[in-house]
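Each remark here refers to the structure printed beneath this line.
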Amino acid sequence: MKTTRILSLLCLTVVGALGAAAETKPMEVYTNDSAEWIPLYGETWWDYYHPDWEGQFPGGRSNRFHEQWVQARWFQNPITKDWQIFDRSYVYDGEWFAVEWNYKATYLSDNFTEHEFTLGVGRIVDGKMILWLEYFDDNVGKLQKLGLMPFPDEGEAVYPWPAKAKISLPYRP
């Protein structure tokens, strides 16, 4: 539950810092072509929410008003620090795009740093982010903290679990 909360808050932080900023940030280029939009705004897309923005995450959905509320709570009582997002890999298809990335975060309670992966799919409409779908396995951080899941190797391809993880249960059909 705690890792789910942390990861959901990461998603909200990455995708939706303070939603009110979306209306105040000037845009130099209006485009719905994600291959053009991401290089211009991709590192700060939360500053460019469409008024009808919706986010879908493991555990729930959100909109820009909910993001404002969650962010206010997050900054009042953070449980992690030192978020790092790196090794981004994008695929573009018109107004749609997908991105995989690595991220790390350190728990304030015990200084444990988890290392996980995310896959997100976004859509650009009227030159702004209107949809964000994010997928991650929130068990990875829990299992790393328990010493049951290895950390990924440096430069390892983005997958839900590190390549050297041993699956001990049969995969469900």
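The values are calculated or read from the model by the stated rules, or taken from the named source; none is laboratory data. Predicted, not measured: the structure shown is a model, and the values here were computed from it. Every residue, glycine as well, gets a Cβ built from its backbone with ideal geometry; the counts of neighbours run over all protein chains shown. Each accessible area value is taken on the protein alone, full model and side chains, heavy atoms only, with ligands, DNA and RNA left out. Shrake-Rupley method; radii C 1.70, N 1.55, O 1.52, S 1.80 Å.
Quick notes on this structure:
- For Lys104, the lysines whose Cα comes closer than 23 Å to its Cα, not counting residues fewer than 8 places off in the same chain, are Lys2, Lys81, Lys142, Lys145, Lys164, Lys166.
- Ignoring aspartates and glutamates fewer than eight residues from Lys25 along the same chain, the ones with Cα atoms less than 15 angstrom from its Cα are Glu43, Asp47, Asp126.
- Annotation: per residue accessible area for the stretch 67-173 equals 58 Å², rounded to a whole number [probe 1.4 Å, protein chains only].
- Chymotrypsin sites (Phe, Trp or Tyr not before Pro) restricted to the stretch 71-160 and DSSP loop, no more than 15 other C-beta within 10 Å: Phe112
- The stretch 42-173 - percent of accessible surface contributed by carbon and sulfur, probe 1.4 Å: 55 percent
- With only the Cα atoms considered, the stretch 47-147 has a convex hull volume of 110 Å³ per residue.
- Here the Karplus relation 6.51 cos²θ - 1.76 cosθ + 1.60, evaluated at θ = phi - 60°, turns the backbone of the stretch 42-54 into coupling constants of x, 7, 9, 4, 5, 7, 10, 6, 6, x, 9, 4, 9 Hz, with x for every Gly and Pro.
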